[in-house]
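Novice: This structure is in structure tokens; I'll ask about it shortly.
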């Protein structure tokens, strides 16, 4: 059964940007989201909730120096840092001390490997990866592109009260970034507004490939279900097949795009799963039709509704084959 092991203060910024009627309950299940906030100023809260000095502040990891804590997710912490060569501001993601099981480490390194495959202006780039030695312990980390002035997609659209057409333009940029990933054999598997950032200049970045899947990976695929029987992903955006144990491909991301299109244009999710149990959510997603996309902006015609409806098809074969 899905669980959200994070305190409420750590919940995804996407949840904060979603209207209350579309949120409801602990619908986010474990992933390595980078946008969950648990900042204590210059302090640090460990996995037991004890506050104190952050041991990584001012620490040097290779040729980067940690400047400040930025965000925390289910598996990692993200810091702003300064790299010496070349001289630039970067982001550093490190594994949380309480998340260093062999499976979690494998997932962490998988994210680094996935990012290493991708070279697109709409995807935050990875620069290097390594292990930081401290007090006899190894802390896995990787250094990546820093997105200045970043907001989640939902927050960016709401704060600026963007009209539907401009929201669609941002979503098109997200599709282009995702299509690049699909062309490289990468399935994101946790696409949601909280994993799409928009910087101060309106440039979009898809982030958090922590549970991404490589299509050519020879390892068995258990879908989105872990060996402990928990699903990984975010319930509101998961496709019907992600609730099973079959192989997941790019069409699961296409489904999530359909949910995001609906949410960004109407402020509501296509399915009312707020506060519903897992069993009921699975039934709704498998059996009930999604809400139609009704938008006040008549200039868009019925095109957006037709696209969202096809993205949200129950059967993967009835959806677009990729985000291209």
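Novice: Using the number of other C-beta atoms within 10 angstrom as an exposure proxy, rank 137, 263 with the fewest first.
Specialist: Values: 137 10, 263 26.
Listed from fewest to most nearby Cβ atoms, that is 137, 263.
Novice: With a point put 7 Å past each Cα toward its Cβ, work out how far residue 203 is from residue 272 in nm, to one decimal.
Specialist: Distance between the two pseudo-spin positions: 4.3 nm.
Novice: Please work out how much length the chain gains when fully extended from residue 105 to residue 131, using 0.36 nm per residue of separation minus the C-alpha to C-alpha distance, in nm with one decimal.
Specialist: On the way: separation 26, 0.36 × 26 = 9.36 nm, distance 1.13 nm.
Extra length from residue 105 to residue 131 when fully extended: 8.2 nm.
Novice: At 7 Å along the Cα-to-beta-carbon direction for both residue 82 and residue 159, put a label point, then send me their distance in nm to one decimal.
Specialist: Label-label distance for residue 82 and residue 159, simple model: 2.5 nm.
Novice: Based on other C-beta atoms within 10 Å, arrange 85, 262, 132 from fewest to most. Before the final figure, lay out each step's value.
Specialist: On the way: 85 7, 262 27, 132 18.
Fewest-to-most Cβ neighbours within 10 Å comes out as 85, 132, 262.
Novice: Let me ask something else. Give, in whole angstrom and from largest to smallest, the semi-axes √(5λ) of the equivalent ellipsoid of region 253-324, with λ running over the eigenvalues of the Cα gyration tensor. Could you put the intermediate results ahead of the total?
Specialist: On the way: eigenvalues 87, 51, 18 Å².
Three semi-axes, in Å: 21, 16, 9.
Novice: Could I ask something else about it? How much length is gained on full extension from residue 60 to residue 292, taking 0.36 nm per residue of separation minus their Cα-Cα distance?
Specialist: Values: separation 232, 0.36 × 232 = 83.52 nm, distance 5.19 nm.
Here the answer is 78.3 nm.
Novice: To the nearest 0.05, how large is the calculated FRET efficiency for residue 214 and residue 318 if R₀ is 22 Å and r is the Cβ-Cβ distance?
Specialist: For R0 = 22 Å, the calculated efficiency reads 0.35.
Novice: If neighbour count is taken as other Cβ atoms inside 10 Å, put 145, 241 in order from fewest to most.
Specialist: Values: 145 16, 241 21.
Arranged by neighbour count, lowest to highest, 145, 241 become 145, 241.
Novice: Calculate I(q)/I(0) for region 151-318 by the Debye formula, one identical point scatterer on each C-alpha and no solvent, and give its log10 at q = 0.17 Å⁻¹ to two decimals.
Specialist: Each listed q maps to, in turn, -1.07.
Novice: A further question on this structure: Need the full-extension length gain, residue 284 to residue 138, defined as separation in residues times 0.36 nm minus the C-alpha distance. One decimal, nm.
Specialist: On the way: separation 146, 0.36 × 146 = 52.56 nm, distance 4.41 nm.
Difference between extended and current length: 48.1 nm.
Taken together, the values in this text are just the output of simple stated rules run on the coordinates, not laboratory data. Source: prediction; values computed, not measured. FYI the Cβ positions are ideal-geometry reconstructions off the backbone, even for glycines, and counts take in every protein chain you see.
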